[in-house]
Structures are given as C-alpha cells and as structure tokens.
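*Asks:* Dropping a structure here in structure tokens format, bear with me for questions.
Each value in this text was obtained by applying a stated rule to the coordinates, not by laboratory testing. The structure displayed is predicted, hence computed values, not measured ones. Because the Cβ atoms are built from the backbone with ideal geometry, glycine has one as well, and the counts that use them run over all protein chains shown.
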Amino acid sequence: MTTTASENKSNIPQGWHCRYLGNLEFFNLIMGQSPSSNNYSEEKIGLPFLQGNADFGLMYPVPKIYCKEPLKIAEKDDVLISVRAPVGEVNIASERYCIGRGLGAIRPKDKNDSKFLYYYLTHYRHEFETKSAGSTFKAIVKNDLEKFPVLFPPSEEKQRISTILATIDDAIQRSRQVVAETERFKAGVMHELMTNGIGHTSFREDPDVGRMPKDWNVKPLDELIEIIDCKHYTPTYVENGFPIVRPQNIGIDGIDFVSCANVSRQEFLLMNEKHSPKRGDIVYSRNASFGIPAYVDESREFCIGQDMVVMAESTADTKYIFFVLCSNNIQQQLKQQSGGSTIQRINLKDIRRLLIPEPSKVEQQQIANILTTLDHKITLQRQRTAHYEKMKKGLMNELLTGKRRVAVT
C-alpha cells in the first residue's frame, strides 16, 4: 500500500533527511507567469514556452510555441510541476524554458537531485490533487508547494535509486516505441493488402473504395455478413449477473468487460432473443464511440445494449470484415454519409450499406491471418509495457520510502 508523503515524514528511514520544497537552503521555487500573447512566436524566436502540462512528455517537455520576452524562466534540470488542472504532473526541463502560470519550477541547489526529485514527486502526485482548490478548475498555490516534504536518502543511495528507476523508464520507453512502430508497420501492411491483395497483377479503380484487384467485387456489408440490431430497451442493471456491452465499453483494444454493467439472467435472455453473441462475432458501436468494431475473441456470455449491433458470419470471413471496418476506407465512407460533419451516431441503414471490397473467401482468410499476427505482436508488446510499468510502480513504492534499501559500494 502506498503511504503519503506526510506519513513518510513521521517515519524517516535511518540516514535519510526530510526537506521541504520551500527550504531555500535546498530549493528555489519559481511560479510561472504567462507573458502577453503578443510575445508568442511559432518561428522559434526566443525561449520555448510551456503553458502547462499539455506541453509535457513522458519525462521531458515538448514545446509547441516560443516566447520572445519571457517573464518567468525555468533553467535546465529544473523539475517542472503543473499547478493548474490537472495538478501534480511532473517533467524535467531539458533546456531553458519560459513557463506560464500553469506551471511551477523547482530548482534543487544540487542539480544531481533533479531526477530523484522528479521520481519522488511523480510517485506522490495524487497528494497535490487533494491539496488543490478552486471551483472552476483545480489549482495549487505556492504556499502549499513550499510545505510539501521530500525525503532524501544519502547521496550514493539517492543516485542509485534514480539509476534503477531511469533504467526501468528506458525499458518502458523502448517498449512503447516498439508498439508504435509495429502499429505503423501494420497500418502500411493493411493498406497494401486492402488495395493490392495477395498475388494480384491486374487492378482497377473503384469509384467507392478506390484501388483494388481487378477480380475483387464490391458489395454492401449486409450482403456479406449478418447484422443483428440491439433490443431497443434499457434493462435494469444489477450488481452481479451477465455483462451488457454498451458504446462506452468499446475501444481500440476491443471490449472492456471490466467496465460493463450487469443484467439479470431473465433480461440477458430477453436481450439475446435474436442472437447470442459468440466467439468470432463482431460487436459494433453506433453511438458516442460510433463506428468502432470489436472482434469477439473469447467464449464469454454477454449481451449488447442500445446503440450496438452484432455481426455474425454469413458468406464472408468475420475477421476479414473486422479489419475492413477498421480501415481508412470505411472511415471515409462514414464521413461522406455525414456530409463531412463530426457525427456522434451512425444509423443502422448506413451500416448495412457500407461498401466492402470482397476477395475470395480463401484470400479473406489469408489477409485476416497476416493482420491477426501483427495484432498479436502488438498485444504481447503492450503486455510487456504493462509489466514494466507495474514493476516501476512497485519499485517506486519501496525505494522512494526506504522500505527497501539500496546497497551502495
């Protein structure tokens, strides 16, 4: 269980020292101040300008604009903290920055303390939220920052802790990069497969779906797959029962069953009167997170709520259809149906008439297998990232509190 910074203060590990951020012997605390917008520059004139945590990266900021006449400046290696909604986000200044009123800069007198302080404040960022005030937005004032206690271990132990956590951070960053690179590679492969297919030499330009192999057909979705609408009825939710999948439970990673509400068995049977969703089906959201498909890849009993449809296999391979529904072509069709506006809902009739390129059933399965393999690699890498993040959280809770002491030579 994570302790609070105040609890740590009353139980200081042997050899550690408590220092408050307002102690001028160890820190200089600078609160940001936004310059006039007349001084903003997109031509990189002046200092890079950080307006708030929106400019933060994983550890170092990513500024978008510059300021010709800065009022408040953060120096290289200052620890940056957001003091306005949301409060407590932390980064490290990689160079000199102009900082706006959404940020504060903490300048350790010993620059070697910067990375340790970064990790310490990151670990206890939730405490800044509890101290923040304001009816319109949350903010934390300088006085509260000055009273915040930080426990510092002896110098060698401090550096060792920072090195351990930085090593885990590097692993997390590399793992995230692998995910991003694999996703970009998959997008390229997907475009290639959806436009050139596998092993074709003759192509045509279809007015609705663009380039495609000459011997492919184009058909409305409801000619390729069975589309089952939801029951237009809101059931009573219960604490324990059968999951009901609604638009808010659908995302790019599939169905989030953890966030699902539950219904009784009686209502579960009623909701599934037309069709019981099963492995190999597609669940499709048509409101809020509209146009997002989720492939059912596990055997689990559930039903769908309003503004959802289920797609079951008919003449086409459902996994192939799933990938087509994820493609840019379908997103373009949805935009055309809405006249280019940002719609929040798609009608069932529009889903039925989505135009789908149709290879042979064998080629559909080949395309689906290739893309499924890449999805599997992405899933495994995301799991690896989550493992590193869990490891980091545990290490921070032990190392930054002195529960686990680091041996130094």
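*Asks:* Using the alpha carbon gyration tensor of region 5-152, what are the three equivalent-ellipsoid semi-axes (square root of 5 times each eigenvalue), largest first, in whole Å?
*Replies:* Equivalent ellipsoid semi-axes, largest first: 27, 17, 12 Å.
*Asks:* Right, here's the next one. Arranged from highest to lowest average of other beta-carbon atoms within 10 Å per residue, in what order do the peptides 322-329, 394-401, 184-191 appear? Don't skip to the answer; put the middle values down first.
*Replies:* Values: 322-329: 20.6, 394-401: 18.1, 184-191: 14.0.
Final packing ranking: 322-329, 394-401, 184-191.
*Asks:* Between Asn38 and Val258, how many nm apart are label points set 7 Å from Cα along the C-beta direction?
*Replies:* Between Asn38 and Val258, the simple spin-label model gives 5.2 nm.
*Asks:* Where Lys and Arg each count +1 and Asp and Glu each count -1, what net charge lies around Asp317 among other residues with Cβ under 11 Å from its Cβ?
*Replies:* -1
*Asks:* Then there is this: More than 27 angstrom separation, counting every C-alpha pair in the chain; what % is that?
*Replies:* Looking at the chain, the distances longer than 27 Å represent 64 percent of pairs.
*Asks:* When the dipole is taken about the Cα centre of region 68-153, and only Lys, Arg (+1) and Asp, Glu (-1) are charged at their Cβ, what size is it in debye, to the nearest 20? Before the final figure, lay out each step's value.
*Replies:* Details: 15 positive and 12 negative charges, 41 e Å.
I would put it at about 200 debye.
*Asks:* Now for a separate question. Could you run the Karplus curve 6.51 cos²θ - 1.76 cosθ + 1.60 with θ = phi - 60° over region 200-216 and give me ³J(HN,Hα) per residue in whole Hz, x for Gly and Pro?
*Replies:* The phi angles translate into 8, 10, 10, 9, 9, 9, 8, x, 9, 10, x, 5, 6, x, 4, 8, 7 Hz.
*Asks:* Return the subset of Lys219/Lys377; Lys319/Lys390; Lys219/Lys335; Lys76/Lys158 for which the Cα-Cα distance in this structure is over 23 Å, preserving the input order.
*Replies:* Going by Cα-Cα distance, Lys219/Lys377; Lys319/Lys390 fall outside the 23 Å limit.
*Asks:* Let me have the relative contact order for region 5-152, percent, based on Cα pairs under 8 Å that are six or more residues apart.
*Replies:* On the way: 336 pairs, mean separation 45.7, N = 148.
The value is 31 percent.
*Asks:* Which whole-number percent is the relative contact order of region 303-388 (Cα, under 8 Å, 6+ apart)? Write down the numbers at each step before the final one.
*Replies:* Values: 26 pairs, mean separation 29.8, N = 86.
Contact order relative to length: 35 percent.
*Asks:* Here are some pairs, Lys142/Lys403; Lys131/Lys392; Lys138/Lys403; which of them have Cα atoms lying more than 27 Å apart in this structure?
*Replies:* Cα-Cα > 27 Å for Lys142/Lys403; Lys138/Lys403; rest within.
*Asks:* Using only the Cα atoms of region 152-297, build the gyration tensor, take square roots of its eigenvalues as a ≥ b ≥ c, and label the shape rounded, prolate or oblate: rounded if a/c is under 1.5, else prolate if a/b is larger than b/c, else oblate. Walk me through the numbers before you get to the answer.
*Replies:* Working: a/c = 3.83, a/b = 1.21, b/c = 3.15.
Here region 152-297 falls in the oblate category.
*Asks:* Still on this model: I need to check one value: relative contact order of region 217-358, counting alpha carbon pairs closer than 8 Å and at least 6 residues apart, in percent. Working shown, then result.
*Replies:* Working: 275 pairs, mean separation 47.5, N = 142.
Once divided by the residue count of region 217-358, the mean separation gives 33 percent.
*Asks:* Just to confirm the filter: which trypsin sites (Lys or Arg not before Pro) across region 93-183 are DSSP coil and have at most 12 other Cβ within 10 angstrom of their Cβ?
*Replies:* Details: sites: Arg96, Arg101, Lys109, Lys111, Lys115, Arg125, Lys131, Lys138, Lys142, Lys147, Lys158, Arg160, Arg174, Arg176; in loops: Arg96, Arg101, Lys109, Lys138, Lys147.
Loop-located and lightly packed - Lys109, Lys147.
*Asks:* Compute, for the chain, the length of the dipole vector about the Cα centre, with Cβ point charges of +1 (Lys, Arg) and -1 (Asp, Glu) only. Units Debye, rounded to 20.
*Replies:* Rounded to the nearest 20 debye, it is 980 debye.
*Asks:* Also: Going toward the positive end of the dipole of the chain, with +1 on Lys and Arg Cβ and -1 on Asp and Glu Cβ, which of Asn23, Leu325, Leu121 do you reach last?
*Replies:* Working it through, the farthest residue towards the positive pole turns out to be Asn23.
*Asks:* Cα convex hull of region 217-358: mean projected area in nm², to one decimal?
*Replies:* Average projection, Cα convex hull of region 217-358: 8.1 nm².
*Asks:* Determine ³J(HN,Hα), in whole Hz, for all residues of region 89-95 in sequence, where each value follows from phi through the Karplus function 6.51 cos²θ - 1.76 cosθ + 1.60 and θ = phi - 60°; x replaces Gly and Pro.
*Replies:* 3J(HN,Hα) across region 89-95, in whole Hz: 6, 10, 9, 10, 5, 8, 6.
*Asks:* Which cysteines does the chain leave without a neighbouring Cys Cβ under 4.7 Å?
*Replies:* Isolated Cys, the chain: Cys18, Cys230, Cys260, Cys303, Cys326.
*Asks:* Then there is this: Trypsin sites (Lys or Arg not before Pro) within region 225-289: which are DSSP loop residues with at most 12 other Cβ atoms inside 10 Å?
*Replies:* Lys274, Arg279
*Asks:* Would you compute, from DSSP H runs of 4+ residues alone, the mean residue ellipticity of the chain at 222 nm, taking -39500 (n - 2.57) per run and dividing by the full residue count, rounded to the nearest 500? Before the final figure, lay out each step's value.
*Replies:* On the way: 10 runs with 139 residues, N = 409.
So the calculated ellipticity at 222 nm is -11000 deg cm²/dmol.
*Asks:* Placing +1 at every Lys and Arg Cβ and -1 at every Asp and Glu Cβ, with all other atoms neutral, what dipole size does region 217-358 have around its Cα centre, in debye to the nearest 20?
*Replies:* 360 debye
*Asks:* Return the long-range amide H neighbours of Val245 (sequence gap of 5 or more, or a different chain), with a cut-off of under 5 Å between placed amide H atoms.
*Replies:* Amide H neighbours of Val245, under 5 Å, 5+ apart: Cys303, Ile304, Gly305.
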